[in-house]
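J.: Pasting a structure here, questions to come.
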Amino acid sequence: MSLHTAYGQARLDDRQINELIGLAHGIVADGTVNQAEAEYLQKWLAANGHVTENPIVNTLLHRVSLHLKDGILDASESEDLFDTLKAFTGGDFELGEIQKSTTLPLCKPAPAIEYAGNRFCFTGTFGYGQRKACETAVLDRGGSVGGISRKTNYLVIGIYATDSWLHSAYGRKIEEAASFRNQGHPVRIVGEEYWLTTLS
């Protein structure tokens with residue numbers, strides 16, 4: 001890719017994200033996401049997804065498509081989509097900052113992930129789907145799931161995480177996991193983006 005092409009792509013991505021932020025603001029303004037709004041968002045994401053490799057656009061498209069797979073946006077799916085869009089419009093998710101928080105206590109280097117016989121805990125908001133979908137992916141591969149404890153082998157942090165994680169609702173789990181790890185317990189902390197690479 002030439003520098004000119006790369007610059008043009010970056011400007012396109014910026015414009016798309018700004019438009020998406022405006023669209024998301026409009027959708028969550030009334031405190032809920034209805035069927036028509038979800039379908040409109042899905043169409044917008046699908047129309048824009050083919051001209052960009054932006055992970056935010058493609059992750060949201062995957063999420064919305066999962067919710068609308070059966071043609072109906074139920075109350076739980078509506079709430080999940082609202083929370084995701086609300087987090088997205090919170091100002092912390094500018095282009096390129098999707099799970100780039102330097103303060104997250106992720107294991108470096110990222111550890112190998114083995115499912116059989118290992119216990120997983122999920123926290124935060126996930127691009128892959130609702131937490132239950134993430135847990136099912138682990139169970140299907142021979143792992144187990146549960147809350148954070150000394151017996152946890154992997155804590156997976158959702159892709160929508162920022163430097164303000166410490167003050168978030170899911171910050172306590174991250175703190176506990178880091179504390180257990182510092183005490184010598186075998187808790188590995190990884191981000192969703194890395195975890196997803198092990199599902200294929």
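J.: Just checking, which of G71, G91, G31 is over 19 Å from R131 (Cα atoms), of a type outside the set (S, T, Y), modelled with pLDDT of 90 or more and surrounded by fewer than 13 Cβ atoms within 10 Å (Cβ to Cβ)?
T.: On inspection, the qualifying residue turns out to be G71.
J.: Against the definition (assigned to a helix (DSSP H, G or I) and modelled with pLDDT under 75), how does V57 come out, yes or no?
T.: Yes: the conditions hold for V57.
J.: Would you mind stating whether A6 is modelled with pLDDT under 65 and of a type outside the set (D, E, K, R)?
T.: yes
The values are calculated or read from the model by the stated rules, or taken from the named source; none is laboratory data. Everything numeric here is computed off the predicted structure, so don't read it as measured data. No Cβ is skipped: glycine too gets one built from the backbone with ideal geometry, and neighbour counts run over all protein chains shown.
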